[in-house]
1. Excluding residues on the same chain fewer than 8 positions from Lys9, give the lysines whose Cα lies under 28 Å from its Cα.
2. Can you give the charge dipole size of the chain about its Cα centre, rounded to the nearest 20 debye, using +1 on the beta carbon of Lys and Arg and -1 on the beta carbon of Asp and Glu?
3. How much accessible area does Ser25 have with a 1.4 Å probe, in Å² rounded to the nearest 10?
4. Any chance you could list the semi-axes, whole Å, largest first, of the equivalent ellipsoid that the Cα gyration tensor gives for region 6-46, using √(5λ)?
5. R0 = 25 Å: FRET efficiency of Ser25 with Asp100, Cβ-based, nearest 0.05?
6. Convert each backbone phi in region 84-97 into a coupling constant with the Karplus relation 6.51 cos²θ - 1.76 cosθ + 1.60 (shift: θ = phi - 60°), then list the ³J(HN,Hα) values in order as whole Hz, x for Gly and Pro.
7. At most 10 other Cβ atoms within 10 Å and a DSSP loop assignment: could you name the GluC sites (Glu not before Pro) in region 41-88 that fit?
8. Using each residue's phi in region 11-16, evaluate 6.51 cos²θ - 1.76 cosθ + 1.60 at θ = phi - 60° and report the 3J(HN,Hα) Karplus result to the nearest Hz, with x for Gly and Pro.
Amino acid sequence: MTAFRQRAKAKWRWTMMMLQPDWISPDQFKAAVGKIAARNPTPALSRLRSERLEEGRCVQVLYVGSYDDEGPILARLHDEFLPGQGLVPVGRHHEIYLGDPRKTAPAKLRTILRQPVSAA
């Protein structure tokens, strides 16, 4: 989390995820990727995968502002709120973006910051 809070983006290990309906089968997923590859081949397609995110208990906060200014709220979440509630982080921090950064001013971007937790 230190690299993330300090915005040291070169050190991040991240995954971009998209919500998919439960009824999408592995075969349907592979077929869709194959269709895209036939029209517009790109090396990134080979890294696509389908996986289920089951995070369990989480804490979350709605953050409004530039993505690059999230560090202080994440520091408070991890260094103050979690210990104050007797919680520890487990699993990966993730974010849910509620706007389109191409159409929204940075100061008005809304992001849900989520951290899976367990009792300390």
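1. Correct list for Lys9: Lys103, Lys108.
2. 480
3. Only protein atoms counted, so the area is about 40 Å².
4. The answer is 27, 16, 7 Å, longest axis first.
5. 0.25
6. Residue by residue, region 84-97 yields x, 9, x, 10, 10, x, 9, x, 8, 4, 8, 10, 10, 8 Hz.
7. Those that pass, being in a loop and sparsely packed, are Glu51, Glu54.
8. Karplus-based 3J(HN,Hα) across region 11-16 equals 9, 6, 10, 9, 9, 8 Hz.
The values are calculated or read from the model by the stated rules, or taken from the named source; none is laboratory data. Keep in mind that what you see is a predicted model, and the values were worked out from it rather than measured. We place every Cβ from the backbone using ideal geometry, glycine too, and count neighbours over all the protein chains shown. Accessible surface is based on the protein model in full, side chains and every heavy atom, while ligands, DNA and RNA are left aside. Shrake-Rupley method; radii C 1.70, N 1.55, O 1.52, S 1.80 Å.
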